[in-house]
Each structure stands twice: as structure tokens, then as C-alpha cells.
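Have a look at the structure below, then the notes.
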Amino acid sequence: MHRGWWTLRGMDPFPSPDASPRSGPPPAGAPPPLVAPGLVAPGLVAPGLAVPVLRGALLESRQRWRDFTALATDLAFETDAAGRLTFLTPDPALGWPQGALLGQPVNGLLVHPEPDPFRPRSGNLLGGGRGVQAWLRQADGVPACYSLAVVPLVDAEGRPAGLRGIGRDVTAEVREADAQAAALRRAQALETLVRRVRRQVLAPQMLAAALESLPPALGCAGAAVLEMTPSGLPQVTHRHGDDPGPLLEAVSTLLNDDVPSYAEGPGREMLALLPHPQRRVPRYALLAWRAPGGRPFDADDRHLLTSAADLLFVALGNQALQQELELRARTDGLTGLLNRRAFLEDLHRRLERMDMDPPRAVGAVLFVDLDNFKPLNDRMGHEAGDQALIAVGRLLRDIVR
């Protein structure tokens, strides 16, 4: 079986690039044309059969390339020289029916004006580029990120005739990469925060280190630890950055909540308030704020703030424990008065202060003895004696400065 020579209206449908139109049988010694087996019967094709066979072959080839395009890409399009869509597949595309987009400017699909893969690049050519990512509008209002490959089209005279391009939906990959990058940033910021805090031994220095780390990590104007007072207006116990005084009245009502609050301050500051999860006295909260007109705290910021608040509340707990241990080490457990060691230290400090300011060097030391204390213990018991000591200690604290 040999492949016949195609003739259609005197033209060779599969000419070589330098071939000129011809008709009739091939010249002597010419190689047979490369035609898919089974498409052409042996010998010359009857003129009445050539057109249907050729049309079928072209339709099959077109469908094949459509299938390849659909398998390899999520979007294929063409535009004219004015940038209007003239071809679009699949249907629907981006959730839009073809009829709603054909004839419309292709850059109207862009969510952001930059980057614009459809903008003229250089010379007289339109667009052009591979791997350009752009966010496109979908019919459901949710933007989608596409990686586009675009080539310019020119007419026979070399003038711009439009664009032809394909796109692949990479929204999931981009969001995953953004999530991983955000997680890395959070981990690095938290690592820096923890490292600075761990360098400190005492709780006050731990609190100061944590607050100093927050503003640069979050782009804040300042951060502070607040303590709720009986008056209802919080007071600042520790802070770093700007003075939060003008914000206290705005956040006082938020301290009643058990969950973090994110609000706008009286001067359009962006506020983040994270109260201690346990309603204990005194109750603390972490306040962070951005300058007026700053961006709101996003999910990454809130994650870091939550971690920082947990760290701060641990430091506050350590500070309370240190204060309790210091109090027990310096005072008598029954009366609350200074013990011998603390009394001598305090006496030495006050004498030094009097030496530094002789005109005001006045003071007195009292030695107090309780008469008939032993009979009270013997007759009424040790509990009554303890109550007597407690009452005397209260009187002494009330009469001295």
C-alpha cells in the first residue's frame, strides 16, 4: 500500500515550506507526502472525496489539540490588537460564561493592576512572557492566581495583532507557599522573643525583654502590660514604646472579656488586647497598638500576639512568685512585721539616707515589750496569744511611716 498524492483545487495541502502550488501527480522521484495512515486510500483521491476527508482530518486535529490544551492548562485565550478577548476556553472560564467575557478587555479580569501580563512590553509587540503570576477575578468573587504564558501575535506586515496565551491555576500552591512563609516568619519572631526572655533571670527583666521584642516583630507603636484596678480604669505596670495613656479608657471596657479583642482606638489606632485567661486578682492584660491609620492585626499577627501573651503571663506569674518568696523571706509569718534580717537592712538604709540629708535627719527607734503576755497564753491558749500579737503588729504598722 502506498500513500497517494493529495490534490485539492490544484493545491498541495501538505506542501514543504519552499513549495509552490501545484496540481497533478508528483514529479518523478518525489517522496510520498507524510499523511496519517488510513486517512487516504491508495492512489489519487477523487476530487469529490478530498474535501470531506480533509475537513474531517482538520476537525480531528483541532479536537486533539483542544484536548491537549485542556489537559495541560486551565485557561486558554486570544485577544485582538485592542486587548479584547476573541477566544476563550474552557466554557465557563473562571466561572464566567464565554459570552460574558468575549469582546471584553482581558485586563478587566485583573484583581490588581500590577503585574499586568497583557501590557505592551517592548517595540510594537503586545505583552509576552512566561510564568507571570496574576490574580484574576472569578464569577464567585473569590480571586484566583494564574501562572500565565503569553506570546504576541502579529499580522502579515508585522503589526501587533493581539495575544495568545494559556494559564494554569496555581492558587492552592501560592496560598500554601504563603502559609509556609508566614509560619516561618512567626517561628523566627517567636524564637527571637523566647531567646531574649530566656537570657533574663528575674521576672521584671523578662517582662521588659518580651515587651521590647514585640514592636519590631509586629510593626507596633508600643506594647504594655495592664493591671485592672478597683476603679475600673487599668493602670500600666510595664510598657515599651509610646505612652498608652490615651488608650486606657477605650480598652477598659474590653478588659471584662475573657477572649482577645481587636478594635480601633479613639485616634484610629489599631488595638489588640489580650486579657489573662484566668479571672484572678490582680488581673493582667497585654495591650499592643499600631499608629493611627496602620493596618489591622491579621491572622499571623494574632498568632504571634497569643504566643507572646502566654509568655508574658508566665513571666508575670514568676514575678508574683518571686514577690511572695521575697515577702516571706523578709517578714514574720504571723504578724507581717519585718524579721530581724530585714529590719537591720532597712535600718541601715534609712540611716544612710539620713546622712545624705542632715537637715531632715530625724527619726526614732522604739523597743516595745508586751507585759503579761505569758499569762494570756497560759489562760486563754496560744490562739488567743497569736491574735494579740497580730493586733499589736497592726497597731505598730498604723502608727509609723
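Here are the numbers:
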{"quantity": "Qualifying residue in region 207-228 (condition: part of a loop (DSSP other than H, G, I, E, B), in contact (Cβ under 8 Å) with a residue 60 or more places away in the chain, in contact with a helix residue (DSSP H, G or I) (Cβ under 8 Å, 6 or more places away or on another chain) and crowded, with 16+ Cβ neighbours inside 10 Å)", "calculated": "yes"}
{"quantity": "Qualifying residues in region 269-300 (those that are loosely packed, with under 13 Cβ neighbours inside 10 Å and closer than 18 Å to PRO215 by Cα) - the one farthest from the chain's Cα centre (by Cα)", "calculated": "GLY293"}
{"quantity": "Any hit, region 182-190, residues being touching an Asp or Glu at 6+ places or on another chain (Cβ under 8 Å) and over 20 Å from ASP301 (Cβ atoms)", "calculated": "no"}
{"quantity": "Test: residue in region 249-260 that is modelled with pLDDT of 85 or more, assigned to a loop (DSSP other than H, G, I, E, B) and of a type in the set (Gly, Ala, Ser)", "calculated": "no"}
{"quantity": "Hey, LEU316 in contact with a helix residue (DSSP H, G or I) (Cβ under 9 Å, 6 or more places away or on another chain), modelled with pLDDT of 80 or more and not in a helix (DSSP H, G or I) or not", "calculated": "no"}
{"quantity": "Filter result (over 58 Å from the mean Cα position of the chain (by Cα), exposed (fewer than 10 other Cβ atoms within 10 Å of the Cβ) and in a helix (DSSP H, G or I)) within region 323-374", "calculated": "ASP355, PRO358, PRO359, ARG360"}
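The values are calculated or read from the model by the stated rules, or taken from the named source; none is laboratory data. These numbers were taken from a predicted model, which means no experiment stands behind them. All Cβ positions, glycine included, derive from the backbone under ideal geometry; neighbour counts span all protein chains shown.
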